[in-house]
Each structure stands twice: as C-alpha cells, then as structure tokens.
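The values are calculated or read from the model by the stated rules, or taken from the named source; none is laboratory data. For clarity, every value in this text was computed on a predicted model and none was experimentally measured. In this analysis, Cβ positions are derived from the backbone assuming ideal geometry, glycine residues included, and neighbour counts consider all displayed protein chains. Protein only, heavy atoms only, side chains kept; ligands, DNA and RNA dropped before computing areas. Shrake-Rupley method; radii C 1.70, N 1.55, O 1.52, S 1.80 Å.
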Amino acid sequence: VSTNQMTNVVVTNYVNGSNSITTNSISTLGILWHTVDPRPVTNDLQGVCYARDTWVVSGGKGKILTSQDALTWKVLSTPTTSFLSSVAAYPGGWIAVGDLGAILTSADGQSWSLQNSGTTHWLYRVRYLNGILFAVGEQGVILTSEDGHAWISRNSGTTRWLNDIALFEGHYVVLGTQGTVLTSTDTLH
C-alpha cells in the first residue's frame with residue numbers, strides 16, 4: 001500500500017556562487033510502499049479495482065478480497081476455485097473473470113454469483129468500455145455483455161492469447177501475444 005502523505009524534502013542548491021537550502025513538501029504516493037501485515041491470504045493475487053469507496057482484489061483459488069482502506073481486508077466466499085485474473089467495476093456492480101471461462105458478478109462487492117460464459121478458455125482481462133463489458137483471453141476469445149449476465153462470443157480472427165482491451169477515439173484495441181493487435185469500431189468485427 002502506498003498512501004498520500006506529505007513529507008519534507010530538503011534540497012541544497014548552488015546558484016550564482018551561493019548555497020541555498022530549500023525545504024519542499026512532497027507526497028509519498030507511489031514512492032513509499034508498505035506491506036499489509038498480516039497478509040489476508042497466501043494465494044497469488046492479480047486483479048485489482050477501486051470503485052464506490054471499495055477496493056476489490058481477485059486471485060488464486062477463486063479468492064476475492066474487499067477493503068475500504070486497502071489495509072484491512074475481508075476474504076469473501078465465491079462459487080469457483082478458478083484463478084480470477086481480472087476484476088472491474090461497471091454500473092451493475094463488479095465483475096471478475098478467470099481460468100476455465102469463469103465470470104463472477106456482484107452488485108454489492110460482497111456476494112458473488114457465477115455467470116455462464118459459454119467457454120472454458122481462460123478469460124484473462126475484463127474491462128467496462130463505452131457501456132459494454134469485454135472479456136478477452138486464451139485462444140483469441142472475446143466476449144461482450146451489456147449486463148454481465150448474458151455474454152456474446154465475438155470472432156477475433158485469431159487463436160493467440162489476448163491480454164487486454166482499450167477504447168480510444170471510437171476504436172477498440174485488443175493486444176495479445178506475439179505482437180497481436182486487433183482493432184474494431186463496432187465490437188462485431
């Protein structure tokens with residue numbers, strides 16, 4: 001955890017033949033990191049999301065953790081033991097995806113329900129972009145959903161592993177292994 005705390009930094013400058021000492025205040029955010037101890041789980045953790053004053057983390061053996069302060073974590077029960085590699089927020093709540101086509105949704109961040117993805121391929125990353133949920137992953141899988149419950153498989157035209165998706169100026173861009181770059185303006189092609 002890295003917190004946004006102010007600290008003083010003393011700087012010595014040599015300007016025009018004279019030394020000057022200046023004290024500046026800077027934030028420690030992203031500079032100083034502290035271990036959360038005790039660790040809430042020993043599983044690998046990979047997905048992380050912050051929304052609605054809640055941190056949601058996902059990882060190995062279907063673990064999902066929540067926190068309001070990123071220091072005290074609650075380990076939640078989920079209906080899967082699949083590795084959950086990604087988590088995101090969307091208007092309906094939160095969504096987590098992972099190995100064996102696992103998709104879990106939660107309206108409150110506490111109770112998680114398994115959804116039917118229609119695939120057993122690893123769904124590596126989930127994103128909410130322009131009103132649509134996207135899940136991308138193993139064997140070129142791309143799934144879309146408007147509500148997190150009903151999923152549509154899209155033809156990516158590749159069997160390469162897809163790592164992530166982003167939206168910029170009306171173009172969806174999907175990146176994957178071996179230099180794979182896919183683009184679409186309508187999510188259909």
Checklist entry - Applying the selection to segment 129-156, what residues are closer than 16 Å to residue 85 by Cβ and under 19 Å from the mean Cα position of the chain (by Cα)? => result 133, 134, 135, 136, 137, 138, 141, 142, 143
Next on the checklist: Every residue in segment 81-116 that is of a type outside the set (S, T, N, Q), part of a loop (DSSP other than H, G, I, E, B) and over 20 Å from residue 141 (Cβ atoms), please.
Outcome noted: 91, 92, 107, 108, 109, 112
Item to check | Hey, residue 124 of a type in the set (Phe, Trp, Tyr), open to solvent by 70 Å² or more (accessible area, probe 1.4 Å), at negative phi and in contact with a strand residue (DSSP E or B) (Cβ under 9 Å, 6 or more places away or on another chain) or not | outcome: no
Item to check | Residue among 78, 119, 72 that is open to solvent by 50 Å² or more (accessible area, probe 1.4 Å) and either modelled with pLDDT under 95 or part of a loop (DSSP other than H, G, I, E, B) (or both) | outcome: 72
Checklist entry - Taking into account only those residues within segment 1-10 that are in a loop (DSSP other than H, G, I, E, B) and modelled with pLDDT of 85 or more, which is surrounded by the fewest Cβ atoms within 10 Å (Cβ to Cβ)? => result 4
Checklist outcome for this item: Residue hits (segment 11-23; at pLDDT 70 or above and surrounded by fewer than 10 Cβ atoms within 10 Å (Cβ to Cβ)) are 11, 12, 19, 21, 22, 23
